[in-house]
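Trainee: Mind having a look at this structure? Questions to follow.
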Amino acid sequence: MKKWGFLIGIILIGYIIAQAPAFLVEDKGMPIVILNKDDKYAGYQAISGQKMQEQIHKGNLVLVNSKHAIQPEGVRSDIVYVAGEAELSQGYGLMDQKLMLSREVAERFQRMVEAAGAEDVRYFLMSSGYRDFEKQDELYRQKGSDYALPAGYSEHNLGLSLDVGSSLAAMSEAPEGAWLEKNAWKYGFILRYPKDKVNVTGIQYEPWHFRYVGMPHSAVMAKNGMVLEEYLEMLKAKKNVTVNLDGETYHIHYYQVSKDTRIYLPVNEPYDISGDNMEGVIVTVKKSL
Ligand SMILES: [Zn+2]
């Protein structure tokens, strides 16, 4: 009898997911992995927490703010001069020919600008990208703490953030700003310092500063009105979150890393791994329905 109740429960959960609108966050509370006779996760490999220490500080989800500085391994390894990559600098203006950014982030930005252009929003300017610690330090000393953050505490030092302007008006007034605020999440970007979250981020409203976090994280944050600080707190509390988005299912797992932690990575499926720059790593597994 009990067994039947359990089965019906599973079917109901399946039904609810199938009937749900395109977007759903669900805390399933159980591992997605299948146990075999040896009590090992079939199709997954376990990595010891000891080997994951360095991962804590790198990846698309690392939190950088006044309390959490960038570790050297957090800086992206695919930094390029955007102007030097013809296929990544089409249809928008570059404020500086020496502007640098993660290649992956520049690619996503290019896709986003193309999508905006198709909706007749086409006056974007990329005004700032990656800054190394030395350049950040120079900026901080020249402009002061009202304008710049000290080296190691600015997301620009990661290569994952960029400042976007419009050649029509200030971003708070321009159609480019409004379009990005509404659509950037579809391309993996978040408005990092929204107007109504100054008390959480500790940073004034910056309608121009966008941070790449990737899908599905940008979608969950945008749909739930969370900033990165709140999102990482939610993942840490829930541990396992399932997101259904446009025909894809993502399983997100948070692990607090210690030498005794085992972190499970799929062997045959695509996944992304990122630290939170505090004490955890987040494994995101994408499954096509
Ligand atoms: Zn910025």
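The values are calculated or read from the model by the stated rules, or taken from the named source; none is laboratory data. For clarity, every value in this text was computed on a predicted model and none was experimentally measured. Heads up, the Cβs are rebuilt from the backbone with ideal geometry, glycines too, and the neighbour counts pull from every protein chain shown. The protein model used for the area step is the full one, side chains on, heavy atoms only, and it has no ligands, DNA or RNA in it. Shrake-Rupley method; radii C 1.70, N 1.55, O 1.52, S 1.80 Å.
Trainee: Probe of 1.4 angstrom, ligands and nucleic acids ignored: what's the accessible area per residue over segment 71-212, in square angstrom?
Mentor: 49
Trainee: Tell me, what is the percent relative contact order of segment 184-263, built from C-alpha pairs under 8 Å that lie six or more residues apart?
Mentor: 23
Trainee: Turning to a different aspect of this structure: Carbon-plus-sulfur fraction of the accessible area of segment 71-212, 1.4 Å probe, in percent?
Mentor: 48
Trainee: Something else: With a cut-off of 17 Å, note down the residues of segment 147-164 whose backbone N falls inside the zone around a label point 7 Å from the Cα of GLU85 toward its beta carbon.
Mentor: 156-164
Trainee: For VAL164, list long-range residues whose amide hydrogen, built 1.01 Å from N in the peptide plane, is under 5 Å from its own amide hydrogen.
Mentor: Those qualifying (amide H under 5 Å, at least 5 residues apart or on another chain) are SER127, HIS209, PHE210.
Trainee: Given H placed 1.01 Å from N in the peptide plane, which residues other than close sequence neighbours of VAL80 have an amide H under 5 Å from its amide H?
Mentor: The list, which skips near neighbours in sequence, is LEU101, SER102, ARG103.
Trainee: Starting from 0.36 nm per residue, how many nanometres of slack lie between ARG141 and ALA237 once their C-alpha separation is accounted for?
Mentor: Full extension of this stretch gives 30.7 nm more.
Trainee: Can you pull out the GluC sites (Glu not before Pro) in segment 215-289 that DSSP calls coil and that have at most 15 other Cβ atoms within 10 Å?
Mentor: In loop regions of segment 215-289 (DSSP not H, G, I, E or B), the sparsely surrounded GluC sites (Glu not before Pro) are GLU279.
Trainee: Any idea how far apart ALA170 and VAL200 come out in nm if each label point goes 7 Å out from Cα toward Cβ?
Mentor: Label at ALA170, label at VAL200, 2.5 nm between them.
Trainee: Next question. I'd like the distance between the alpha-carbon centres of segment 150-220 and segment 227-251, rounded to an integer number of Å.
Mentor: Value for the Cα centre distance between the two parts: 20 Å.
Trainee: Using 0.36 nm per residue of separation minus the Cα-Cα distance, give me the extension gain between ASP120 and TYR271 in nm, one decimal. Don't skip to the end; give the middle numbers.
Mentor: Numbers: separation 151, 0.36 × 151 = 54.36 nm, distance 3.47 nm.
Fully extending the segment from ASP120 to TYR271 adds 50.9 nm.
Trainee: Here's another thing I want to ask about it. How long is segment 71-212 along each principal axis, judged by its Cα atoms, biggest number first, in Å?
Mentor: 40, 35, 24
Trainee: What pairs from LYS239/LYS286; LYS98/LYS182; LYS67/LYS98; LYS51/LYS259; LYS67/LYS259 go past 18 Å between their alpha carbons?
Mentor: LYS98/LYS182; LYS67/LYS98; LYS67/LYS259
Trainee: How many nm is it between the label spots at SER77 and GLN53, if each spot is 7 Å from the Cα in line with the beta carbon?
Mentor: Distance between the two pseudo-spin positions: 1.9 nm.
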